[in-house]
Amino acid sequence: MIALGSSMERPASHRGAARASLGVRAVAARLLGWSLLGAFAVAVLYPVLWMVLSGFKDNQEIFNQPWAPPGELRWENYARAWDLGVVRYFTNSVIVTGASILATTLISAWAAYGLCRLRLPFGNAVALLVLGGLLLSPTVALIPLFRLLTSIGLFDTHWALIVLYTAFRIPFTIFLIRAYMIELPRAVDEAATIDGATRTQVFWRVILPMCRPILVSAALLQALFAWNEFAFALVFISDEALKTLPVGLVAMQSRLLTDWPVVLAGLTMAALPTILLFLVGQRQFLRGLTEGVGK
Amino acid sequence: MTKPRWTALSLVTVLVATAGCGGGSGTAPAATADLSAPKEKAGTLTMVTKFADPEYAPYFEKVVAAYEAANPKVDVKLEQVGDQPYKDKIRVLSASRDLPDIYFSWAGDFANKFVRAGLAADLTDVIGPGTPWGSTFAPAALKAFEYGGKNYGMPINLDGKYMVYNKTVLDKAGVTPPVSFEELLSACDKLKAAGVQPIAFGNQYGWAAIHYITQLNAYGVPGRTLETDYNPATGAFTDPGYVTALKQFKDLVTRCGTKDANGLSHETAQAQFLAGKAGMHYVETVEFDVFTKAKPAIEWSFFRLPAPSAAAGDKAALTGAPDGFLVNAQSKNAALAVDFLKFMTTKENAAALTKDNGWLSPVKGSATADNSYPQLTDALADIDKAASFAIWLDTVTHAEVASAYLSGVEGMLSGSRTPEQVMEGVRAAAAKAKKEVG
Amino acid sequence: MGALLTRWRTWLWVLPAVALLLVFVYYPIVDNLRLSFFSWNAFSPEPRFVGLDNYAEAFADPVFWRALLNNTAYAVVSLVFQAGLSLVLAALLEELVGKRMRGLLRTLYFIPAAMSITVAGVLFSFLYNPRYGLVNAALDAVGLGHLGRAWLGEESSAIWSVIAMSQWQSIGYTAVLFVVAIQRIPREYYEAARVDGSGAVRTFFSITVPMVREMTTLIVILTISGAFLVFNEVMVMTAGGPDNSSQVLGTWLYRKAFFEDDMGYAAGVATVIFVITFAIAALQLAVSRRRRYDT
């Protein structure tokens, strides 16, 4: 599974051979296939493109010439959306996402290390607890969490989201990292131990650096999750100044109902970071996804 | 992975044990706040409003600063949040019995919830009708915060619902402002024949329709019945006037509105009206600013939604309500809170409210030619004539009833429910609310 | 004694994870079950024990069943698109497209999944606008203007419009997962099939479909459990309306809890969601563990 990255690039040479025996029916079939792929690409891309372009239009252009490109690039729409709240939502999302990435990957890496390298008393119970965590969905906990967070004073703070995003993603992340750690040769940490390193030193200096690829994947997936999470952010944050992007955007849409271009500019700005992150870290993303789905 | 059964079992035990600690904390008995004028004005006041919008917030900051300047020993901690966040925040604060000294409330069951839970101080002695402070307010506004014959709130602004019309569009179609509901319908036919949308109507979130129903209920159902039905402890909704009101509204939408109303937002509809593509638009006075600022300018005026000729209810009722402030019943500074609220509603501060925020103040004589525009002063004069407010149906009733009305009317508009079926749903919700309040 | 202490000290590694899980994941879910036997709201001082009343009320409530039905519809449609059509797309991508182009298309298809559901939801609520939306404009342009409607504003179309947006968003994601699975199929199988003179369609059904069976199972399970947890897109696009016609269990819970102040009923709905998703997730675990022992 670690070799996934390279297998993605493998040239599938059977296709070349297939081309030699083309009949009329085969040509028609290929044409159909291509048009399906093409149509799908258009269907996927067009709304995104429309969103980006309409962010540059004015209301008249959107309403009267929905298909045409913008008459001019009105960057002021983007500036306005930014000032009208996107900058604040953005900052909040960065804080919550960043903190939860750090907490989730570290806590999960510790636990994964504890679970697969050390002999814990009741280690099985811990493993079971973590495994069980995979079966529980956040929606179910909404109401009790509302009570819990109010009573411990975390309601309407960034901490509420940071703690919850961490807690609910720990099971998945532990399993992701653990699956990778198990494959690491034990000889390495044994050698380090013989050299006099403590367990803590082994973890920080040997294990953690070796796990880097999977940590990156885990961090990316956590970023995608935390950046986009909606239900907790909707229920547990009420202060306008603390809202994260997903909830903030909806609030902005209901404030600016008739100002489509500004809302669309805001949407574009909100979508950009995760799309860029995906484009840059595509391989790590896919590794995390397939490993995560598989385990 | 082997799993000894007992570890799983002990896990469950631990979870059940921890779960036991979640019980609610005891209730504090409803204290009667001491409202007699404070001997010395000193201490800290906490206040939460829902006016975080940049166009409204500065007014409250200004009043607080002025009060603190006049009373150097008082520290007012003002927190302002947005509309929706406020609903969450106040829910949390009341659940944790951590309410500020002064807090915002809509009129109707929203305020009554606090009264029933013993969280709102009885202000009858200071603001009741006949008291010096109370007689500075328009009576209908005070009445909106009355519950069981007692006054619990101080109104801060006034809001009425009016049919705004574009004079140019109506003139062109040869239509004059209608004086009865039947005339309104035939005016719609004329406008349609002239090729314009008679009434711009967007009902995406359901409340736009509810405002019509509020008014039509007030026209069609006797006031006493309405009062009984809107109170969750006694609501029955058996009067035939309710069904009639729904039928009238259905006619109105068929002849004056559009088929896609449920999919259009109120604001999109408004944009249509502003662009001169529709003749009329049913709006709140707080929205009037939009029409004065329309570009290109439009020539506009307004009238009340006219009453049907056969109306069993109050033809002088007007849909609308004040927003207001309640005082925490457990507040140690209740007297100081009242003093601050009095300061906020001096004629001078009330006039500033109209000037700064474009709102109508319930304080008599606060709107003048130099702090408002003609339509606004006309509206205030008209509101003064209103015998009582028909408070928004979705805030005056219990949340269950409001919800049944909202979704039921949406269903009626899209044709999946008859008016009778809508009322069946409302009655079921009322029965449930009765049990809950019980 | 010292040895025992040292052994227990290893617990420090898993302690943060275990503590977070117990407090913020397990406790709320158990507490939810308890709360569902009470009638209470934020304003009522003391919860009142009502036994199974909340459940009885939910089961007698047509909106509850409507919500469950909508979740089911969500699951069925998602299965067709995300487990069916996306496999076809993945196979076509592998069969027809050259290496470079394939990478490009794969990236394109994934872009909606990298956007947040909120962004996609708000974007589509613009596209579905009855007056100015692209969907009606497109229908007009091809002479099907009479099919145009207020997509999110009519009971007959609201939930289906939301589901359609969701397919747009997720299909590329599962297609990419299928691509990975297809690439893991040994090339020899395809070559053998070619030698046998088997056509593309037959090869698809005789080799591709059975060989990606594991991935299919996992996607099926993920899709179904996702369909019963759906919240975000419905909240953003219709909030369950009009007339509760597009309500799903998640949004119905939210509305009951935070608008109608009926926390007990909402907790009951949460329990139903818990039972459904727990069963599905347990199935997933069983399947993926069996798979690991098989290979």
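What are the pairs, 6+ residues apart or on separate chains, where a residue within region A:281-295 that is within 7 Å of chain C (Cβ to nearest Cβ) and under 23 Å from residue C:281 (Cβ atoms) has its Cβ under 6 Å from a residue that is modelled with pLDDT of 70 or more and buried (at least 20 other Cβ atoms within 10 Å of the Cβ)?
Listed pairs, sorted by first residue: A:290/C:180; A:293/C:218; A:295/A:175.
Within region C:4-111, which helices (runs of 4 or more DSSP H) (wholly inside it) include 2 or more residues that are more than 25 Å from the chain's Cα centre (by Cα)? Talk me through it step by step, then tell me what you get.
Values: elements: C:11-21, C:27-35, C:53-59, C:62-78, C:86-96.
Counting at least 2 such residues, we get C:11-21, C:27-35, C:53-59, C:86-96.
When only residues in region B:38-74 that are of a type in the set (D, E, K, R) and without any contact (Cβ under 8 Å) to a residue 40 or more places away in the chain count, which is nearest to the other protein chains (Cβ to nearest Cβ)?
Of region B:38-74, the ones of a type in the set (D, E, K, R) are B:39-41, B:50, B:53, B:55, B:61-62, B:68, B:73.
From what is left, the residues that are without any contact (Cβ under 8 Å) to a residue 40 or more places away in the chain are B:39-40, B:53, B:61, B:68, B:73.
On the way: B:39: 33, B:40: 33, B:53: 9, B:61: 16, B:68: 23, B:73: 30 Å.
If we take residues in region B:38-74 being of a type in the set (D, E, K, R) and without any contact (Cβ under 8 Å) to a residue 40 or more places away in the chain, then B:53 is nearest to the other protein chains (Cβ to nearest Cβ).
Out of region A:175-205, which residues are crowded, with 16+ Cβ neighbours inside 10 Å and over 22 Å from residue A:126 (Cβ atoms)?
A:192, A:197
Only one of (1) in contact (Cβ under 8 Å) with a residue 60 or more places away in the chain; (2) surrounded by fewer than 24 Cβ atoms within 10 Å (Cβ to Cβ) is not met by residue B:296, so which one is it?
Every listed condition holds for residue B:296 apart from (1).
So which residues in region C:24-52 are without any contact (Cβ under 8 Å) to a residue 40 or more places away in the chain, farther than 16 Å from residue A:140 by Cα and more than 8 Å from chain B (Cβ to nearest Cβ), if there are any at all? Lay out the reasoning, then the answer.
Kept after step one, since they are without any contact (Cβ under 8 Å) to a residue 40 or more places away in the chain, are these residues of region C:24-52: C:24-28, C:30-31, C:34, C:44-46, C:48-49, C:51-52.
When the remaining residues are screened for being farther than 16 Å from residue A:140 by Cα, the result is C:44-46, C:48-49, C:51-52.
Selection gives C:48, C:49, C:51, C:52.
Would you check which residues across region C:1-23 are charged (D, E, K, R) and either within 7 Å of another protein chain (Cβ to nearest Cβ) or in contact with a strand residue (DSSP E or B) (Cβ under 9 Å, 6 or more places away or on another chain) (or both) and list them? Give the derivation first.
Narrowing region C:1-23 to residues charged (D, E, K, R): C:7, C:9.
Hit for region C:1-23 is C:7, nothing else.
Go through (1) within 30 Å of residue B:270 (Cα to Cα); (2) in a loop (DSSP other than H, G, I, E, B) one by one and return the number of the condition residue C:118 breaks.
(2)
Considering only residues that are of a type in the set (Gly, Ala, Ser) and in contact (Cβ under 8 Å) with a residue 40 or more places away in the chain, look in region C:53-74 and name the one that is farthest from residue C:166 (Cα to Cα). I'd like the intermediate steps shown before the answer.
So the first thing to find is which residues in region C:53-74 are of a type in the set (Gly, Ala, Ser), and the list is C:56, C:58, C:60, C:67, C:73.
Applying the additional criterion that residues be in contact (Cβ under 8 Å) with a residue 40 or more places away in the chain yields C:58, C:67, C:73.
Numbers: C:58: 27, C:67: 17, C:73: 12 Å.
Taking the candidates together, the pick is C:58.
Restricting attention to region B:262-294, which residues are within 14 Å of chain C (Cβ to nearest Cβ), in a loop (DSSP other than H, G, I, E, B) and within 30 Å of residue B:157 (Cα to Cα)?
B:264, B:265, B:275
Please indicate, with yes or no, whether at least one residue in region A:94-104 is modelled with pLDDT of 90 or more, more than 21 Å from the chain's Cα centre (by Cα) and buried (at least 24 other Cβ atoms within 10 Å of the Cβ). I'd like the intermediate steps shown before the answer.
So in region A:94-104, the residues modelled with pLDDT of 90 or more come out as A:94-104.
Subsequent filtering for residues that are more than 21 Å from the chain's Cα centre (by Cα) retains none.
No, because not a single residue in region A:94-104 is modelled with pLDDT of 90 or more, more than 21 Å from the chain's Cα centre (by Cα) and buried (at least 24 other Cβ atoms within 10 Å of the Cβ).
Need a quick list: helices (runs of 4 or more DSSP H) entirely within region C:141-206 having at least 2 residues that are within 14 Å of chain B (Cβ to nearest Cβ).
Numbers: elements: C:158-183, C:187-195, C:200-203.
Output list reads C:158-183.
If residue C:55 satisfies every condition in (1) in contact with a helix residue (DSSP H, G or I) (Cβ under 7 Å, 6 or more places away or on another chain); (2) farther than 24 Å from residue C:265 by Cβ; (3) not acidic (Asp, Glu) but one, which is the exception?
(2)
Mind checking whether some residue in region C:213-236 is farther than 27 Å from residue C:69 by Cα, surrounded by fewer than 23 Cβ atoms within 10 Å (Cβ to Cβ) and more than 10 Å from every other protein chain (Cβ to nearest Cβ)?
Initially, region C:213-236 is screened for residues farther than 27 Å from residue C:69 by Cα, giving C:213-214.
Applying the additional criterion that residues be surrounded by fewer than 23 Cβ atoms within 10 Å (Cβ to Cβ) yields C:213-214.
Remaining after also requiring more than 10 Å from every other protein chain (Cβ to nearest Cβ): C:213.
Yes; the residues of region C:213-236 include at least one that is farther than 27 Å from residue C:69 by Cα, surrounded by fewer than 23 Cβ atoms within 10 Å (Cβ to Cβ) and more than 10 Å from every other protein chain (Cβ to nearest Cβ).
If I go through region B:62-82 residue by residue, how many of them are in contact with a Gly (Cβ under 9 Å, 6 or more places away or on another chain) and surrounded by fewer than 15 Cβ atoms within 10 Å (Cβ to Cβ)? Talk me through it step by step, then tell me what you get.
Residues of region B:62-82 in contact with a Gly (Cβ under 9 Å, 6 or more places away or on another chain): B:73-75.
Restricting the remaining residues to those that are surrounded by fewer than 15 Cβ atoms within 10 Å (Cβ to Cβ) gives B:73, B:75.
Total meeting the criteria: 2.
Among the residues in region C:119-135, are any away from chain B (no Cβ under 14 Å), of a type in the set (Phe, Trp, Tyr), surrounded by 21 or more Cβ atoms within 10 Å (Cβ to Cβ) and touching a residue at least 24 places away in the same chain (Cβ under 8 Å)? Working first, answer last.
Kept after step one, since they are away from chain B (no Cβ under 14 Å), are these residues of region C:119-135: C:119-121, C:123, C:134.
With of a type in the set (Phe, Trp, Tyr) added as a condition, the list becomes none.
No.
The values are calculated or read from the model by the stated rules, or taken from the named source; none is laboratory data. Remember, predicted model here, so these are calculated numbers, not experimental data. Ideal geometry is used to build each Cβ from the backbone, glycine not excepted, and the neighbour counts take in all protein chains shown.
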